[in-house]
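Below is one structure; the comments refer to it alone.
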Amino acid sequence: MNLSIRSLVESRVFGVCAYLGEKMGIAGRSVRLYFIYASFLTFGSPVVIYLAAAFWLNLRAYLRRRVLSVWDT
């Protein structure tokens, strides 16, 4: 049960930490933990960076799904 809740949260929440962890070659859980620590130490300012990254990732996913061909007008 705990594993399914974790996978649901990781897939449904923006996935920024998992994406960064995959790109850097470390566990997404570690990135998430460091993000939480940085948020507490800097009074929440990384939240703005997180939301910008989430917007960028969602925009990229949208544009990849919406590839137009020559026949679409």
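The values are calculated or read from the model by the stated rules, or taken from the named source; none is laboratory data. Keep in mind it's a predicted model, so treat the numbers as computed, not measured. Heads up, the Cβs are rebuilt from the backbone with ideal geometry, glycines too, and the neighbour counts pull from every protein chain shown.
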Worksheet item: Among (1) over 17 Å from N58 (Cβ atoms); (2) modelled with pLDDT under 80, where does V9 come up short?
Response: (1)
Fill in: Members of the range 35-61 found to be among the aromatic types (F, W, Y), part of a helix (DSSP H, G or I) and over 14 Å from the mean Cα position of the chain (by Cα), listed by number
Y37, F40
Item to complete: Can you give me the number of residues within the range 22-33 that are in a helix (DSSP H, G or I) and loosely packed, with under 15 Cβ neighbours inside 10 Å?
Response: 6
